[in-house]
Structures are given as structure tokens and as C-alpha cells.
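Student: Encoded as C-alpha cells, here's the structure I'll be asking about.
The values are calculated or read from the model by the stated rules, or taken from the named source; none is laboratory data. Since this is a predicted model, take the numbers as computed values, not measurements. A quick note on method: Cβ atoms are made from the backbone with ideal geometry, for glycine too, and the neighbour counts reach across all protein chains shown.
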């Protein structure tokens, strides 16, 4: 294999790897978005807590049915 052919092969392999890295990054971003999606009802509950101030864990469980 000549030097020119070797360099062309390396360039081709690098282009392929660049495309694969972009695909992987896009997949990771999609997964990240899915994993960190916050339900709107949770945001409403958190806003209500912020308005009222802090609550004890027992009060939180009583109000929201979630043990912390």
C-alpha cells in the first residue's frame, strides 16, 4: 500500500469515526433528556412548597403521599 493510499484510508477512517461520535453524542443527549424529564405535576408541587416555605418530612408525606 502506497503512502497516499494509506493517508486516504486514514482520512476515510477518521471521517467514519467522526460521524459515529456525532451519532453517539445525539443518542446520549436523547437518553439524557428522557431520563431527566420532569413531570409537570411535580413542578407544580415543588412550586407550592416553595411558596409555603419548608415543611417537615412527615408533613410532606401527608400532603403529597411521598416519603422522603
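Student: Contact list please: Cβ distance under 9 Å, first residue in the stretch 50-62 and outside any helix (DSSP H, G or I), second residue surrounded by 11 or more Cβ atoms within 10 Å (Cβ to Cβ), pairs at least six apart or on different chains.
Tutor: As it stands, the answer is 55/49; 55/63, since those pairs meet every condition given.
Student: To continue, here is another question. Only one of (1) surrounded by 10 or more Cβ atoms within 10 Å (Cβ to Cβ); (2) at pLDDT 85 or above is not met by residue 5, so which one is it?
Tutor: (1)
Student: Okay, moving on. With the condition kept exactly as written, say whether any residue in the stretch 24-37 is at positive phi and exposed (fewer than 10 other Cβ atoms within 10 Å of the Cβ).
Tutor: no
Student: Let me ask something additional. Within the stretch 51-65, which residues are modelled with pLDDT under 80 and loosely packed, with under 10 Cβ neighbours inside 10 Å?
Tutor: Those that are modelled with pLDDT under 80 and loosely packed, with under 10 Cβ neighbours inside 10 Å: 53, 54, 56.
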